[in-house]
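**Q** Just passing along the structure, written as structure tokens.
The values are calculated or read from the model by the stated rules, or taken from the named source; none is laboratory data. Quick caveat: nothing in here was measured; it's all calculated off a predicted structure. Glycine gets a Cβ as well: all are built from the backbone with ideal geometry, and neighbour counts include every protein chain shown. Just so you know, the surface numbers come from the protein's heavy atoms only, side chains and all, with ligands and any DNA or RNA stripped out. Shrake-Rupley method; radii C 1.70, N 1.55, O 1.52, S 1.80 Å.
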Amino acid sequence: ITPRKRIHDRLNVAFIGDSCHAMSNNLAQSGSIAIEDAYCLGTCLARNNDIKQALCEYDTHRQQRIRQCETVTAFTEYLSRQQGMTECIRNALLYHTPKYINSRIFDYF
């Protein structure tokens with residue numbers, strides 16, 4: 001099983017949360033992603049009588065959302081590690097960004 005694999009075809013097993021896509025802790029995403037995974041898996045199982053089909057649907061459905069979260073997490077981790085002049089620029093940009101933009105910034109990922 002690779003880290004990105006959310007299902008195990010032969011065993012009819014689905015992995016959720018950190019067991020298949022651990023996130024950096026800088027956005028505290030792990031818990032919310034696990035809840036999203038569980039909800040998605042439950043929805044897929046409720047729609048399909050065939051477990052293998054439900055697991056494949058779950059795996060396909062979660063791929064885009066997980067990639068989005070990984071991208072945002074990697075970007076914010078990169079920003080948080082800046083030092084020196086880059087850190088000063090980052091802090092100034094964040095300080096002067098209007099609150100209405102800050103509150104919506106992750107809606108686009």
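**Q** Translational diffusion coefficient, Stokes-Einstein: compute it for the chain using the Kirkwood radius over C-alpha pairs as Rh, at 20 °C and 1.002 mPa s, and state it as an integer in µm² s⁻¹.
**A** Translational diffusion coefficient: 135 µm²/s.
**Q** Taking the Cα centre of the chain as the origin, how large is its charge dipole in debye, to the nearest 20, when only Lys and Arg (+1) and Asp and Glu (-1) carry charge on their Cβ atoms?
**A** 120 debye
**Q** OK, next. What accessible area per residue, rounded to a whole number of Å², is obtained for the chain using a probe radius of 1.4 Å?
**A** About 71 Å² of surface per residue is accessible.
**Q** Let me ask something additional. Rounded to the nearest 10 degrees, what's the angle between the helix 51-80 long axis and the longest principal axis of the chain, both from Cα atoms, 0 to 90?
**A** 10 degrees
**Q** Which one of 89, 35, 66 has the biggest mean-square fluctuation once the chain is modelled by GNM with Cα springs under 10 Å?
**A** Answer for the Gaussian network model of the chain: 89.
**Q** If the elastic network links every pair of Cα atoms under 10 Å, which of 44, 69, 88 fluctuates the most in the Gaussian network model of the chain?
**A** Judging by the Gaussian network model, the answer is 88.
**Q** Residue separation times 0.36 nm, minus the C-alpha to C-alpha distance between residue 78 and residue 18: what's the value?
**A** Numbers: separation 60, 0.36 × 60 = 21.60 nm, distance 2.06 nm.
Additional length available on full extension: 19.5 nm.
**Q** I would also like to ask the following. For the range 56-109, what does the alpha-carbon gyration tensor say about shape, rounded, prolate or oblate, given a ≥ b ≥ c as the root eigenvalues, a/c under 1.5 as rounded, and a/b over b/c as prolate?
**A** On the way: a/c = 6.82, a/b = 1.97, b/c = 3.46.
Oblate shape, in that a/c is at least 1.5 and b/c is the bigger or equal ratio.
**Q** Sort 52-58, 98-104, 70-76 by packing, meaning the average of other beta carbons within 10 Å per residue, with the highest value first. All intermediate terms of the calculation are to be shown ahead of the outcome.
**A** Numbers: 52-58: 17.7, 98-104: 8.1, 70-76: 15.3.
Top of the packing list down: 52-58, 70-76, 98-104.
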